[in-house]
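The values are calculated or read from the model by the stated rules, or taken from the named source; none is laboratory data. Just so it is clear, the structure is predicted and the values come from calculations on it, not from any experiment. When we count neighbours, we look across all protein chains shown, and the Cβ atoms used for this are built from the backbone with ideal geometry, even at glycine. In case anyone asks, the SASA skips ligands and DNA or RNA and just uses the protein heavy atoms, side chains included. Shrake-Rupley method; radii C 1.70, N 1.55, O 1.52, S 1.80 Å.
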Protein chains: 2
Amino acid sequence: MSKKRNTTLKELSKELNLSISTVSRALNDHPDISQDTKDRVKKLAKQMNYVPNLFARGFRSRETHILGVIVPNISHLFTSTILKGVIEEAELRGYRVIISESNNDEIKQVEMLNTMTQFGVDGILMSLARKTTKLEEVLKVFNRIPLVLFDKVSSKIPCTQIVINEEEAAFNAVEHLIELGKERIAIIKETENSYNSEKRYAGYLRALNQYNIPVRDKLILSTEDISLANGRRLTNILLSMKKRPDAIFAITDNAAIGAIKALHKFKVKIPEEIAVVGFSNSINSTIISPSLTTVDQPGDKIGRTAVRFLIEEIEAPSNDVMTKTVEIKTSLIVRDSSLRV
Amino acid sequence: MSKKRNTTLKELSKELNLSISTVSRALNDHPDISQDTKDRVKKLAKQMNYVPNLFARGFRSRETHILGVIVPNISHLFTSTILKGVIEEAELRGYRVIISESNNDEIKQVEMLNTMTQFGVDGILMSLARKTTKLEEVLKVFNRIPLVLFDKVSSKIPCTQIVINEEEAAFNAVEHLIELGKERIAIIKETENSYNSEKRYAGYLRALNQYNIPVRDKLILSTEDISLANGRRLTNILLSMKKRPDAIFAITDNAAIGAIKALHKFKVKIPEEIAVVGFSNSINSTIISPSLTTVDQPGDKIGRTAVRFLIEEIEAPSNDVMTKTVEIKTSLIVRDSSLRV
DNA sequence: CTGAAAGCGCTTACAG
DNA sequence: CTGAAAGCGCTTACAG
């Protein structure tokens, strides 16, 4: 058995003794065409299993109706949840999605940007690779084609950016700990000042200040790679202090879970002695015991919003660049790791 | 600022006073073209930021170098790990990937298959939606374009299928429990006889038979939706029996974690009183306490293998259909939930 | 070594 | 109501 070639307009037209133009118009319900012709054409099209070659159509109109998406790592739950939203919203609006990973490698990221433009995508959705420093290349692409950043963004690129209310979310999380009566609140954040880490740290500081709680340098810990292992390691450091913290705010769930594991090991009571709050509402946060208080980030909504703005820009009659920054609201989910006791 | 149109061969040729053909050949390092011309052309191309329109190229050669991927749900870790492998392997071989979700909806799945073919993808990679019954539509697509199934497959479609060694993996898991001295081994499986559930159940039965352990119907529990909640629910049933099981083999990690939660609740000692084994090696399996013994499925490898076979089929000179079934080896990861005590 | 021309499958302004 | 023709950007067999 060999693969059949797709039926073309030409074949239909030959069969029907009509011109290609007429067949095309009939299929597209052009008002000029008689109902009778339309019926005949459509019937044969169905019979011959005709499917339009969207490629040819798109090629002609210089629109591919494909969106390019570049993310650091597709297999993070938060990322794949965003992608789910992206795919669904895009399909709803008649677009398809090409997905690619940068693996947090800046070189790869630029490569991907370039192949995507070459490919003729109508626009690009991107979450920046960690430590993206050379923005010229990104800007160059941005000059040719609509671009929307989400999650990992940079204020240095004058395009629409979709983020969560990082600062406020962190503020709320820390405020929650304060209301619990905690005052020696440690934070585990990133060394590298990523957009996200910076904002969350700012929220932490604002909460302490607002409640007149002194900021203690010793309780501010940073790590290159904000992982479970590092959360555990840094928590061990916190536990070795003469005066231990009474709460830990980790800027990711993974680090928070590492913290809980370390606390378990040293039989520290959670939340009585030390409360823990994470960030992401990953599945793990409900599996770990005690269950983890965390910030829920609506990935689906982020994805949908990003698509909406990108398509708006693509389809805008003017090619003016819009540079909105859209903040998606998050919510604090209180669980056992910070329950009032 | 408005978006610039991409530079075309025509523009380059005008600028250089050469024909479009010569410019095209120079850029593609055709041996007929003089080095001098090549240099001039390439220099200007770089200068004018020329990027070939892959769309036009692909359109002409009837190859898009795009692979379509359809999965039930992108945000399952196992799925996104497979996708990671798919994307990486595809890019390595000069292909791009369009991803789409069926949401386990058969109608949606057919829709996706059709738009993908319309789109002119060179081949399709698919993991079937649950309860896919009407295969005619899938077969129809399969007649036009190479198709490779992975993970959720069906022997009723005569195409290459990439699976894990489901039966053997389950056998090994149950054998491991038997070697621990367990003999009342319960299984939590799916009601719906999916390919995966069926094979794992077969492995369970084979292990019991091989070790002369009676198969007790009461210990064989099924559920429509093999979730954490249902794992918990079914475990409660097991615990209410006069003679409790001494081990539980759940065919997914989620169900196994549900089981552990239920056992915790009733203060059953794991693994002394009841050991638990899951399937998937999800992140959760290391977060839960006790950590879960489970089967590691190399998603990355499944993805890469699927791409390899699909591209092989696409690029094969003959259009013969190949119908290999490829089994990827898994490994049992023993953790605390079934440790010898 | 270089160019003119055809063609991939479609849409659409222009004619009739 | 229908058709002939141009064109989207590229590659390549054919000519010179």
(request) Can you tell me the alpha carbon radius of gyration of segment B:1-67 divided by the globular rule-of-thumb value 2.2 N^0.38 Å? (result) 1.20
(request) Could you run the numbers on buried accessible area between B and A, total for both chains, 1.4 angstrom probe, in Å² to the nearest 100? (result) 5800
(message) Just want the answer: with Cβ charges of +1 for Lys and Arg and -1 for Asp and Glu, which residue in B:Thr7, B:Ser21, B:Ser34 is farthest toward the dipole's positive end in segment B:3-52?
(response) B:Thr7
(message) Solvent-accessible area of B:Glu175, probe 1.4 Å, all protein chains present, reported in Å² to the nearest ten, please.
(response) 40
(message) Less than 15 Å Cβ to Cβ from A:Pro290, Lys/Arg counted +1 and Asp/Glu -1: what total charge do the surrounding residues give?
(response) +4
(request) Using label points projected 7 Å from each Cα along Cα→Cβ, tell me how many nm separate A:Ala56 and A:His264, to one decimal. (result) 6.1
(request) Given the options A:Leu113, A:Leu83, A:Leu219, state which has the largest fluctuation in a GNM of chain A using a 10 Å cut-off (strictly under) for Cα springs. (result) A:Leu219
(request) Determine the shape class of segment B:183-299: with a ≥ b ≥ c the square roots of the Cα gyration tensor eigenvalues, call it rounded for a/c under 1.5, and otherwise prolate if a/b is greater than b/c, oblate otherwise. (result) rounded
(request) Keeping all protein chains in position, work out how much accessible area A:Leu180 exposes to a 1.4 Å probe, and write it in Å² to the nearest 10. (result) 40
(request) Report, for B:Lys329, each distance to the same residue's label point in the other copies, shortest first and in nm; define the point 7 Å along Cα→Cβ. (result) 5.4
(message) How would chain B be classified by its alpha-carbon gyration tensor: rounded, prolate or oblate, with rounded meaning a/c under 1.5 and the a/b versus b/c comparison settling the rest?
(response) prolate
(request) For A:Arg40, go 7 angstrom from Cα along the Cα-to-Cβ vector, then report the distances to that same point in the other copies in nm, smallest first. (result) 5.5
(message) Using just the Cα positions, wrap segment A:5-159 in a convex hull and report its mean projected area in square nanometres, one decimal place.
(response) 11.6
(message) Using the Cα centre of the protein assembly as shown as origin and beta-carbon charges of +1 (Lys, Arg) and -1 (Asp, Glu), tell me which of A:Ser80, A:Ile187, A:Val110 is placed farthest towards the positive end of the dipole.
(response) A:Ile187
(request) Could you give the C-alpha radius of gyration of the protein assembly as shown expressed as a fraction of 2.2 N^0.38 Å, taking N as the number of residues it contains? (result) 1.09
(request) Starting from the Cα of B:Asp36, step 7 Å along the direction of its Cβ; do the same at B:Ser21; then give the gap between the two resulting points in nm. (result) 2.1
(message) If the only charges are +1 at each Lys and Arg Cβ and -1 at each Asp and Glu Cβ, what is the size of the charge dipole of the protein assembly as shown around the Cα centre, to the nearest 20 debye?
(response) 220
(message) Tell me the mean residue ellipticity at 222 nm calculated for the protein assembly as shown from its helices only (DSSP H runs of n ≥ 4, each -39500 (n - 2.57), averaged over every residue, nearest 500).
(response) -13500 deg cm²/dmol
(message) Below 12 angstrom from the Cβ of B:Gly203, what's the summed charge of the other residues (Lys, Arg +1; Asp, Glu -1)?
(response) -1
(request) Per residue of A:91-99, count partner chain C-beta atoms within 10 Å of its C-beta, then hand back the mean as an integer. (result) 4
(request) First compute the accessible area of the protein assembly as shown with a 1.4 Å probe, then give the percent of it belonging to carbon and sulfur atoms. (result) 49
(request) Name the long-range amide H neighbours of A:Lys324: under 5 Å, sequence gap of 5 or more, or other chain; modelled H, no Pro or chain starts. (result) A:Thr160, A:Gln161
(request) State, as an integer percentage, the relative contact order of segment B:1-41 based on alpha-carbon contacts under 8 Å between residues 6 or more apart. (result) 30
(message) Modelling each spin label as a point 7 Å along the Cα-to-Cβ direction, I'd like the B:Asn114/A:Leu239 distance in nm, to one decimal.
(response) 6.0
(request) Please build a GNM for chain B, connecting alpha carbons under 10 Å apart, and tell me which residue among B:Lys156, B:Lys218, B:Lys108 fluctuates the most. (result) B:Lys156
(message) Measuring nothing but label to label, 7 Å from Cα along Cα→Cβ, what are A:Lys131's distances to the other copies in nm, shortest first?
(response) 4.9
(message) Using the Cα centre of segment B:1-41 as the reference point, and only Cβ charges (+1 on K/R, -1 on D/E), how large is the resulting charge dipole? Debye, rounded to the nearest 20.
(response) 360
(message) As I understand it, the dipole of the protein assembly as shown uses +1 on the Cβ of Lys and Arg and -1 on the Cβ of Asp and Glu, about the Cα centre. Which of A:Thr252, B:Leu139, B:Asn209 lies farthest toward its positive end?
(response) B:Asn209
(request) Please calculate the 1.4 Å probe accessible area of B:Thr323, with all protein chains present, and give it to the nearest 10 Å². (result) 80
(request) Counting other Cβ atoms within 10 Å, keep those with at most 16, restrict to DSSP loop, and tell me which chymotrypsin sites (Phe, Trp or Tyr not before Pro) in segment A:189-246 are left. (result) A:Tyr211
(request) Lys and Arg at +1, Asp and Glu at -1: add these up for the other residues within a Cβ distance under 11 Å of B:Ala255 and post the number. (result) +1
